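Below is one structure, written out as structure tokens; comments come after it.
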Amino acid sequence: MTAKTRIMLVDDHSLCRSGLTELLEHRGGMSVVFATGNPDLVVPKIREHQPDLLVLDLRLAHTDGLSVLRMIRAEGCDIPVVILTMSDSEDDMSAALRAGVKGYLLKDMEPEEVIDAIGRAARGEMVVASAMMLKFAQILQTGPKGSAMEDLVATLTERERQVLDHVASGQSNKVIAKELDISHNTVKLHVRHIMDKLNLRSRVEAAIFSFEYRGSQDPNKTVGDPGHKSKH
């Protein structure tokens, strides 16, 4: 039997803690080992429960999430941390990324998106809310440009370009399979091929690539636009 992913929550709103606990445990199949709004309990409870991931609010009553994160690191705890916040500020996200978080999610995301993102973060993947992808790309400003991107996109099949567009919109493999009327395993295979062909390591990087490619072309164009001519 596969062990459940163990999550710890830090949010000073009890309703948010209870709602997220319900969501992750009963719909996500995870285990919330501890939830608190008290920053003083964070380090001792991490040591006690050894969670796989810490989900941390950015705004707390008497401090802020990044101060809590710095405290955690100062105490030698290297647990992965994902920010779950109402703030869609580029400055807040930039500060969080500089602090070394594994993800930046928004509280107005769809429940299934939150479950999927937290699960992927617990498995080591960087996750970012789809609404924040353009700001994330602007912060990073990395990767191939111009004709180099054209050459990479040209290696993708038409179906792979369609899948990449869905990944860029933040959809899970399950949702993509339903949208394209193909199997979940087929979507996984396409995503793996996309990662290999574009030299990417995560869905976040794939989404950023798609946004940057779109920005280098017609502003209304997507990677899967049938107007794009493949070289193959």
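The values are calculated or read from the model by the stated rules, or taken from the named source; none is laboratory data. Only a predicted model underlies this, so the values are computations on that prediction, with no experimental measurement involved. Methodologically, a virtual Cβ is constructed for each residue, glycine included, from the backbone with ideal geometry; neighbour enumeration extends over all protein chains shown.
Tabulated data
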{"quantity": "Segment 94-105 residues that are under 18 Å from GLU205 (Cβ atoms) and touching a residue at least 60 places away in the same chain (Cβ under 8 Å), paired with ones that are surrounded by 16 or more Cβ atoms within 10 Å (Cβ to Cβ) and of a type in the set (A, V, I, L, M) (beta carbon under 8 Å, 6 or more apart)", "calculated": "none"}
{"quantity": "Residue within segment 141-157 that is more than 30 Å from LEU9 (Cβ to Cβ) and touching a Gly at 6+ places or on another chain (Cβ under 7 Å) present", "calculated": "no"}
{"quantity": "First in segment 60-82 and within 18 Å of ARG17 (Cβ to Cβ) and assigned by TED's automatic domain parsing to the domain that holds ASN38, second anywhere and in a helix (DSSP H, G or I) and of a type outside the set (A, V, I, L, M, F, W, C), Cβ under 8 Å, 6 or more apart", "calculated": "LEU60/PRO39; HIS62/PRO39; THR63/PRO39; VAL68/PRO39"}
{"quantity": "Condition met for LEU20 (in contact (Cβ under 8 Å) with a residue 60 or more places away in the chain, within 19 Å of the chain's Cα centre (by Cα) and either loosely packed, with under 14 Cβ neighbours inside 10 Å or not in a strand (DSSP E or B) (or both))", "calculated": "yes"}
{"quantity": "Where VAL32 falls short, out of the listed (1) within 27 Å of VAL204 (Cβ to Cβ); (2) modelled with pLDDT under 95", "calculated": "(2)"}
{"quantity": "Test set (1) among the small types (Gly, Ala, Ser); (2) crowded, with 18+ Cβ neighbours inside 10 Å; (3) in a loop (DSSP other than H, G, I, E, B) - ALA35 fails condition number", "calculated": "(3)"}
{"quantity": "One residue from LEU58, LEU66 being farther than 16 Å from ILE7 by Cα and in contact with a Ser or Thr (Cβ under 7 Å, 6 or more places away or on another chain)", "calculated": "LEU58"}
{"quantity": "All helices (runs of 4 or more DSSP H) inside segment 78-183 with 2 or more residues being hydrophobic (A, V, I, L, M, F, W, C) and under 12 Å from the mean Cα position of the chain (by Cα)", "calculated": "111-122, 133-140, 158-168"}
{"quantity": "Any hit, segment 52-75, residues being among the acidic types (Asp, Glu), assigned to a helix (DSSP H, G or I) and either surrounded by fewer than 19 Cβ atoms within 10 Å (Cβ to Cβ) or at pLDDT below 90 (or both)", "calculated": "no"}
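Residue by residue, here is whether (1) assigned by TED's automatic domain parsing to the domain that holds ILE118; (2) crowded, with 16+ Cβ neighbours inside 10 Å; (3) modelled with pLDDT under 90 holds:
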residue	(1), (2), (3)
ALA137	no, yes, yes
ASP151	no, no, yes
THR155	no, no, no
GLU158	no, no, no
VAL163	no, yes, no
GLY170	no, yes, yes
ASN173	no, yes, yes
LYS178	no, no, no
